[in-house]
1. If a residue must be free of Cβ contacts under 8 Å to residues at least 12 places away in the same chain and of a type in the set (G, A, S), how many such residues does region 157-171 contain?
2. Just need a number here: residues in region 14-25 that are in contact (Cβ under 8 Å) with a residue 24 or more places away in the chain and in contact with a helix residue (DSSP H, G or I) (Cβ under 9 Å, 6 or more places away or on another chain).
3. Among the residues of region 118-125, is there at least one that is surrounded by 12 or more Cβ atoms within 10 Å (Cβ to Cβ), part of a helix (DSSP H, G or I) and among the hydroxyl-bearing types (S, T, Y)?
4. In region 278-306, what residues are over 20 Å from G194 (Cα atoms) and surrounded by 20 or more Cβ atoms within 10 Å (Cβ to Cβ)?
5. Residue check: is M238 within 27 Å of the chain's Cα centre (by Cα) and farther than 28 Å from A149 by Cβ?
6. Answer yes if at least one residue in region 34-47 is in the same structural domain as F87 (by TED's automatic domain parsing), surrounded by 12 or more Cβ atoms within 10 Å (Cβ to Cβ), of a type outside the set (S, T, Y) and more than 17 Å from K73 (Cβ to Cβ), and no otherwise.
7. Conditions first: (1) in contact (Cβ under 8 Å) with a residue 12 or more places away in the chain; (2) closer than 21 Å to P28 by Cα; (3) surrounded by fewer than 13 Cβ atoms within 10 Å (Cβ to Cβ). Q81 passes all but one, so which condition is the exception?
8. Filter region 344-360 down to the residues that are farther than 29 Å from I275 by Cα and in contact (Cβ under 8 Å) with a residue 12 or more places away in the chain, then identify the one that is surrounded by the fewest Cβ atoms within 10 Å (Cβ to Cβ).
Amino acid sequence: MDQFRVKEDNPKHLEFQFQGRLDIQSVPKLWRRCTSLQSKYNPKLITILADHLDYCDGAGIALLLALKQEQIKNKHQFQIQGLKPQFQQLMDLISVSPASSLSKEEVAESAQRRLTISIGKLALNTLREIRNDIIFLGSLTFHLIATLAHPQKIRWKDFWAVLDETGPNALPIICLVGFLMGLISAFQAAIPLGEFGTQIYIANLVGISLVRELAPLMTAVLLAGRTASAFAAEIGTMKINQEIDALTTLGLDAVKFLTVPKVIAATIIAPILNIFLIIFGLIGCGIVMKMLGFNLNIYLEQLKSAIELGDFIGGLIKVCVFGLLVAGVGCLEGLKTKTGASAVGNSTTRAVVNSIIVIIIADGIFAGLYYVLGV
């Protein structure tokens, strides 16, 4: 039996009857026949009789839409009779209004509506992210205070594991970076200070910059690269594996159970790493001073006269805050991990980037505060 019949009694009103299957196998043969008849007669009305249509896939819907859109383009009528509900749903899903049927005003209005919706979604997502961050910050602050008030409640096993991972394992790279920073800073300062015969003040310049600014900042950046990314990857993997959901089911708070030991460990280890970075930075500077003809006693006396206790304490306070921020951001991004193959990688990247941004903002606040206090 023929799958396609057409009633051509009235050229101004064509009736196309489809029956059987209208699928990817049959549509290519029917497409040319239908469109050629439509072009030949240019009818005022095309009626599709689909009462006996047993199956219709995307290709069949595409044929019906092509006929419909051509009729709309020519400002003629088009109707379908007897199409089964499941095929009508597929047609409604695929159907789009042809651009040629829209006026310029309608196109502009549609574009403006899409822009407004996009801005609204962006603002809503931003507010939702801020809300979640505030909730996490409040929960973390509460649990930190409660843990510090009752130290016996801390999960010491996890605390020592994190301390070992963020401390001794990070020490080689910390010492290397510190040594190179001291060496490079001394070499960079040697030429301009040498023009004025004041190379002895290289020790002052490098010592103060290391203790007050460079050492805390570089320690925090290295922690962001190593620790924040590790925290985000670990917690993100747990979330994808639904381990955090299991903790919630057991009545355990994920922030208290996972985040608090990591934040405390990172906050404690950050100033220790900062001290090692300062020591090796001063060693690097001392080597350059020795090459320039200054003996060790002169170098140490210059450092002693240049660096005050307030400089050292101010740097330690900064690096403690940096460590707290880095660990908090890493854990937060881990808890915000979504599903998907690249979810953990995205969380790790956001943890590092956001940690560095937060460090720079906090460093700027410290700079202004220290200036006002005259520290």
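The values are calculated or read from the model by the stated rules, or taken from the named source; none is laboratory data. Every value quoted in this text rests on a predicted model; they were computed, and no experiment measured them. A quick note on method: Cβ atoms are made from the backbone with ideal geometry, for glycine too, and the neighbour counts reach across all protein chains shown.
1. Number of matching residues: 1.
2. 7
3. No - not one qualifying residue is present in region 118-125.
4. I278, F280, G281, listed by residue number.
5. no
6. No; the residues of region 34-47 include none that is in the same structural domain as F87 (by TED's automatic domain parsing), surrounded by 12 or more Cβ atoms within 10 Å (Cβ to Cβ), of a type outside the set (S, T, Y) and more than 17 Å from K73 (Cβ to Cβ).
7. So the condition that Q81 fails would be (2).
8. Per the stated criteria, the residue is V344.
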